[in-house]
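Data block below; observations after.
The values are calculated or read from the model by the stated rules, or taken from the named source; none is laboratory data. Since this is a predicted model, take the numbers as computed values, not measurements. So basically every Cβ, Gly included, is an ideal-geometry build from the backbone, and we count neighbours across all protein chains shown.
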Amino acid sequence: MSNMISEANWKFHWRLTESAGIMIYLADFRGRRVLWEASLPYVTIDHQRETLDVKDDPGEVHGPWWVPLGARTLEGPVRVQSFRGGVELSAAFAAGPYHYTQLWRFHDDGRISPWLTIYGPGVHDQHTYHPHWRFDFDLDGARDDAFERFEDNRWQRVEREGWFPYSGEADEHGNVWRQVDFGSGAAINIRPHSWDDAEVFAIRYHDGEWAPYSPRSAAGSATFPSAYVGDEPLDGDDVTLWYVAHVHFDQSFPYTAGPWIKVSGLGK
Amino acid sequence: MAPLKKPVKAAKPAKSKPKPAASAGRKSAPAAIKSPPFRPPPRPTPPAPPSTPDSSKADVTRADATLFDPLTPGEIADALRTLTEDRRLSSMAKVGRYRVICNEPLVVKPPHWMAGHRLVRVVIYDYAADRAVDACVDLDAGVVAHLELTKGQPMLSRDEEALAVSIAMVDDRVREKLAIGDTPQSTLHYWGRTSEDLAYARRSAAVVFGRPDGHASVIAVVDLIENLVTQVVPAELW
């Protein structure tokens, strides 16, 4: 099976990684470059204890854990299927009591759905999944980008790297964050799932700050992507975005996490 | 949902975390130890890095998709040989107590001088020094182009996962808690939440035992430095 797909106004490549699920790279929409690469570097899982009495609540006794989504946990083949108005990739992963289906859906109107369906029993009911997606958008080229968030009823430019949680505000289409290319005016719009409790990290691109092979840096240090966040300016540079969801097991399962992403301004 | 995301929030930096002055506009990974790159004898025709990026390479839209292709066995061997011959890792290679975590193709963007080169990212855990090695090997030039030695904890290799299972399976405290039909279901990379937990700073795995229907019964935490089980926890109490 070829790893290049040209369909539904999209042309993109994919490969199965060792730990970050299916990676998409060099994606063009209507002949214009949109994405350098994107993947799902990891899904961490936290556990809680259920107690009605606050004074007996031990908090979270154990730390998080994770298992790579890659060749060692893949169940069956990576599937490429057309659907009405687009094409999608899907792969099922199983790691003991945790089961996932990773999806990349490309719509002919410029939408991308990088999603993760979560199911399986877990070790007990009180646990929270934290899928982390990393997107390196290169909209019409790598540089000349800006990052904006919708706040106080309007789009506001974010000047420096940081962590930007969903505050509940969104534009009329539900978009909360966007990456804009100065040259073309094209934009990548990101709409969170309303139950994802989502947040976005915006980080200036640097060689060496590639997708990590673990959420964990040194003991006592910030985890990734926090460890990559500094105070560097974003305006006019190359920006990397991380979308992080927090999905508690009391959600109805199976639950599909992940944002809607829509490319706009690249013409008909 | 808000109270449930406490641990993640706690790990987040302030929005305007100051950068180390030494970074001078270029970031480095936390606790990274960097030293000048060792250049082994050149290969017959190594492509010289251009002093200035040419216009075609500076365009991400002209990136070569084949650079993302999976590595061949020969490329993996080449990358590991190059890395273990690097003087900065001589102590690791000599002692030989390390695990290769993974090798994957790496593609850097123009205008970086390595854009267009066949690169391999190699991640190793060095048990002798209790450190992670994260390297980029340039196969075209035959050099280690980027090397970070950190106290980070990369994912477990398949060998480490298998080792953790074998250690847990022979531990008496684990065996006495297993019910008939319980088998190892999965091995996860685990770290403790607080410094009181041995797994906070030490390389550890959690082996989940359970029934074939997916129901978990017992979790054993294995310290991979000392090769022993440090915790045995019923799944419902995890």
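Structural remarks
- Of all residues in segment B:127-174, those that are part of a strand (DSSP E or B) and closer than 30 Å to B:F209 by Cβ total 1.
- With respect to the conditions (1) among the β-branched types (V, I, T); (2) outside any strand (DSSP E or B); (3) more than 9 Å from chain A (Cβ to nearest Cβ), B:T194 falls short on a single one, namely (3).
- Residue check, B:V232 surrounded by 24 or more Cβ atoms within 10 Å (Cβ to Cβ), aliphatic (A, V, I, L, M) and either in contact with a Gly (Cβ under 6 Å, 6 or more places away or on another chain) or touching a residue at least 40 places away in the same chain (Cβ under 8 Å) (or both): no
- Some residue of segment A:207-217 being surrounded by fewer than 20 Cβ atoms within 10 Å (Cβ to Cβ) and farther than 26 Å from B:Y200 by Cα: yes
- Of all residues making up segment B:58-111, the number that are under 30 Å from B:A128 (Cα atoms), free of Cβ contacts under 8 Å to residues at least 60 places away in the same chain and in a helix (DSSP H, G or I): 15
- Test for B:A128: is it among the aliphatic types (A, V, I, L, M), at pLDDT below 95 and under 19 Å from B:G96 (Cα atoms): yes
- Out of A:R204, A:R191, one residue alone is of a type in the set (K, R), surrounded by 22 or more Cβ atoms within 10 Å (Cβ to Cβ) and in contact (Cβ under 8 Å) with a residue 40 or more places away in the chain. It is A:R204.
- Restricting attention to segment B:204-229, the residues that are more than 8 Å from chain A (Cβ to nearest Cβ) and either on the phi > 0 side of the Ramachandran plot or surrounded by fewer than 23 Cβ atoms within 10 Å (Cβ to Cβ) (or both) add up to 11.
- Summed over segment A:150-169, the residues that are touching a Ser or Thr at 6+ places or on another chain (Cβ under 9 Å) and of a type outside the set (F, W, Y) give a count of 4.
- Selected residue [within 14 Å of chain B (Cβ to nearest Cβ), of a type in the set (V, I, T) and under 28 Å from A:F29 (Cβ atoms)] from A:V123, A:V67, A:V87, A:V78: A:V78
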